[in-house]
Amino acid sequence: GGQLWRIFFLWPEWGCVFLQLLLAVSFSQAEDMVCHVREDPENPQFSKDGVIILGGIFSFHSSWKERQDTFRLKPLPLECISLNFREFQCAQAMIFAIEEINNSTDLLPGISLGYKMYDTCGAVARSVRVGLALANGNEAVSAPSEEQCTKPAQVQAIIGEASSSPCMAIATVIGPFYIPVISHFATCACLNDKTKYPSFLRTIPSDYYQSRALAQLVKHFGWTWVGAIRTNDDYGNNGMATFTETAQQLGICLEYSVSFFRTDPPDKIRKIIDIIKASSSKVIVAFLSYLDMDVLIHELSKNNMTGYQWVGSEGWILDSQTPLNSSGHEIFTELWETLFSCKFKQSESSTGNERECTGHEDLTGVQNGFTDMSLMPIFNNVYKGVYAVAHALHSILGCNKTCQYKGQLDPLTVSFTLNIKEGDEVYFNQNGEPPAKYEIINWQPTENGIVDFVTVGLYDASLPADKQLKLQNNSLVPVSVCSEKCPPGTRKVLQKGKPVCCYDCIRCAEGEISNTTGLVNFNVRCQPEFWSNERRDACVKKEAEFLSYEEIMGVLLTAASLFGTCMTVGVAVIFFRHRKSPIVRANNSELSFLLLFSLTLCFLCSLTFIGRPSDWSCMLRHTAFGITFVLCISCVLGKTMVVLMAFRATLPGSNVMKWFGPVQQRLSVLAFTLIQVVICILWLSISPPFPFKNFKQFKDKIILECALGSALGFWAVLGYIGLLAVLCFILAFLARKLPDNFNEAKFITFSMLIFCAVWITFIPAYVSSPGKFSVAVEIFAILASSFGLLICTFIPKCYIILLKPEKNTRQNMMGRGTSKSL
């Protein structure tokens, strides 16, 4: 009694099952202590005596009749329906293995194995009942023993059940007795928990590997939008949970995931049919037992639903025929009548019109599910399970030519000794299961209407991840996606409220490409020196932009620079030819020629700004510009000071000119210029300008420009030029009204006014101009200011020299020939 209560508390979730079906033991207080079974004893469907008994639990029927219990009367026994040929074949495989061992002189010599096999109808409650019957025996009254209601286990091991949920129930109940339970087809990964199911073993890999294999298979064919249907039991729920988890990792989405059981009301199954009809996915992953699959296919055929690609688990993929609907109570009679389409005289369902069974019918002419050998791998699992027990017993009994059998064995010893070594070496791992290896089966219809099971691939979980799945792609497969693959040049945008497999394809952004057509379609940002092409499927090298001599702007600026140079040289020639004329000699001709030379350099230095920037051109353009312009302004400043000093010298007692003679004028120009030279040397030494690729100003272009290096150095050069220009302008402005007939200060004032105006407007224009246009603005400022100085300072003199020679006299320069000239 203590053992039975212990079982109850170890397994509370099945409490309601125990209330109805658990075999209870009562104690008699009579003189002789005996144990009575309260329920009617369970009798096996097949049995054979032997020295050692093995148990078998199979679902010879696949379903049962539903009925409503009132809970007022004792429930009636379960009424089983729908004969299950597959499980009957498994039972025959067990019998065959036992007979083969009994006839062997090498394995368990002198020991005969017997068996007791029970039918569970696939019901969990009945599985628990027959499991306890195998453990306790099925006698109505047991003989007294030393301890109340205790005796050795009736069987040394149990083969079965095929489904995971019944196995969980059986293993939970039998686990405390450590009687090995070896399943040939229960694949739920949950049965790996040795704390709950310590004595459970199986000869088939768990669904942990199969579910991952199915997900990889779906991924292999590019199906990202699939439906999922599962059996509503531990097998289906656990297997589909692992598949769903793996599918999400591989980028596969489930449009729907529904469950049912074959005994569910028809309305529930019709709802599943409606869900499939409304779906857009064309691939269905079915984690079902073959019995549930039969129900589903029957409903699908009634609704004429075709065109779906089915991906199936081992539970139904090898089943070539659906179970036959029949009923009866005697399993053998029912089987025989179904096999040969005859009726025994004593059969209750016989109408007298059927052919009478003789008992001598020949199986060789029968073709149905019972004679179908496509399920041989499953039967082999049963065969290996029996041999595993036999080898364990052989080892425990120390068999050589004979076995040392001294009575019932301890099931715990059998459980720990179990191993399989039959054919290829197969063994139980720490989870009590063999290595995971699967064949990928494809159903291929033939011309005569028979479906061939063709092996098209293999899955071996022991190999590295990239080598586990091997497939032969011999046929076309349908497309099942929520959204078509995004073509190159587009990117995925998820649809709101839908899984990640549902997306819209939109054009890639500028600077990004997508050159892969497929599920893993990600955007690649082009490298800084590259940009996306028009189709957004490739990165092309960006166009390098700089002010070149080949473009129109460069040609015009070059022409203007050369024109200014030629014009300056022309003025210099005119002045040189008339160097002894009064108008040339009137204001320090030496400064005039030096000014013309510096203006020539100013015009020419603008050419250094045109062309591809290089280390030397970047350093030369700014320093040459700064020095030549300071030289130019210094000459103008010197000429302005000469005008002022000359006027001061005409005043009585003035001795100013001796302090600002030609030598002092040259020294002032040199001193002003040397200051700029020092600034440029410091700039080039500390942080010189350098060629720079500007990627930020334009997205699709590279601006080749000269970086300033030190911004302080650049603005120091410009600032010094501006300071001299302002000083020169002030002095020229003060000297503009001096009483000289040809007052050069007036023209210097205008030239400085133009110079300052140009460079003041240059600053905002330079800062705001993009790319090569900023260089063009700088060249324009150089040319404009140079032309302003040239024209305002020298053109009026050239006009007098060439067109008004009568004014080119000393008297006119001093203002004494004014009346004549007018």
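The values are calculated or read from the model by the stated rules, or taken from the named source; none is laboratory data. Note that the structure is a prediction, hence the values are computed from the model and not measured. Because the Cβ atoms are built from the backbone with ideal geometry, glycine has one as well, and the counts that use them run over all protein chains shown. Accessible surface areas use protein heavy atoms only, side chains included; no ligands, DNA or RNA. Shrake-Rupley method; radii C 1.70, N 1.55, O 1.52, S 1.80 Å.
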Förster radius 30 Å - calculated FRET efficiency between residue 553 and residue 675, Cβ distance, rounded to 0.05 = 0.30
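Taking the Kirkwood radius as the inverse of the mean 1/r across Cα pairs, report the Rg/Rh of the range 374-415. Walk me through the numbers on the way to the answer.
Numbers: Rg = 13.2 Å, Rh = 11.7 Å.
For the range 374-415, the value is 1.13.
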inquiry  = Keeping every protein chain present and rolling a 1.4 Å probe, give me the accessible area per residue for the range 490-541 in Å².
reply    = 64
ask   = Per residue, how much accessible area does the range 256-318 have with a 1.4 Å probe, in Å²?
value = 42
inquiry  = Check which residues have an amide H placed less than 5 Å from residue 259's amide H, if you skip close sequence neighbours.
reply    = 230
ask   = So for 734, 254, what's the accessible-area order with a 1.4 Å probe, most first?
value = 734, 254
ask   = When Lys and Arg each count +1 and Asp and Glu each count -1, what net charge do the other residues less than 11 Å away from residue 589, Cβ to Cβ, add up to?
value = +4
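Across all directions of projection, what mean area in square nanometres is found for the Cα convex hull of the range 503-613? Let's see the in-between values first.
Values: hull surface 42.4 nm².
That works out to 10.6 nm².
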request  = Pop out the carbon and sulfur fraction of the accessible area of the range 490-541 as a percent, whole number, probe 1.4 Å.
outcome  = 55
task = Could you run the Karplus curve 6.51 cos²θ - 1.76 cosθ + 1.60 with θ = phi - 60° over the range 791-796 and give me ³J(HN,Hα) per residue in whole Hz, x for Gly and Pro?
result = 6, 5, 8, 10, 5, x
message = Limiting things to C-alpha atoms, what are the Rg and the maximum Cα-Cα separation (Dmax) for the range 490-541, in angstroms?
response = 12.1, 40
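Chymotrypsin sites (Phe, Trp or Tyr not before Pro) within the range 493-601: which are DSSP loop residues with at most 14 other Cβ atoms inside 10 Å?
Numbers: sites: 503, 522, 530, 531, 546, 549, 563, 575, 576, 593, 597; in loops: 522, 546, 549.
Counting only loop positions with at most 14 other Cβ atoms within 10 Å, the chymotrypsin sites (Phe, Trp or Tyr not before Pro) in the range 493-601 are 522, 549.
Mind checking the full-extension length gain between residue 376 and residue 773? Use 0.36 nm per residue of separation minus the Cα-Cα distance, one decimal, nm.
Going from the current span to full extension adds 134.5 nm.
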query = Where in the range 491-509 does the amide nitrogen come within less than 17 Å of the point 7 Å from the Cα of residue 275, taken along Cα to Cβ?
reply = 499
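Can you figure out the FRET efficiency of residue 799 with residue 535, using R₀ = 60 Å and their beta-carbon distance, to the nearest 0.05? Write out the running numbers ahead of the final one.
Values: r = 64 Å, r/R0 = 1.06.
The formula returns an efficiency of 0.40 here.
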note = Rounded to the nearest 10 Å², the accessible area of residue 607 using a 1.4 Å probe with every protein chain kept is 40
request  = Quick one: what are the phi-derived ³J(HN,Hα) couplings along the range 799-805, Karplus 6.51/-1.76/1.60 with θ = phi - 60°, whole Hz, x for glycine and proline?
outcome  = 4, 5, 5, 8, 10, 10, x
task = Return the long-range amide H neighbours of residue 79 (sequence gap of 5 or more, or a different chain), with a cut-off of under 5 Å between placed amide H atoms.
result = 65
ask   = For the charge dipole of the range 490-541, defined by +1 on Lys and Arg C-beta atoms and -1 on Asp and Glu C-beta atoms about the Cα centroid, which residue among 527, 494, 506 has the Cα displaced farthest towards the positive pole?
value = 494
remark   = Karplus-derived 3J(HN,Hα) from phi for the range 255-267 (6.51 cos²θ - 1.76 cosθ + 1.60, θ = phi - 60°), whole Hz, x at Gly and Pro, runs 6, 8, 9, 10, 9, 7, 10, 4, 9, 5, x, x, 4
In nm, spacing of pseudo-spin labels at residue 43 and residue 221 (7 Å Cα→C-beta vector) = 4.9
remark   = Between residue 530 and residues 5 or more places away or on another chain, the pairs with built amide H atoms under 5 Å apart involve 542
key: Two-site FRET efficiency, residue 444 against residue 695, from Cβ-Cβ distance with R₀ of 56 Å, rounded to 0.05   = 0.40
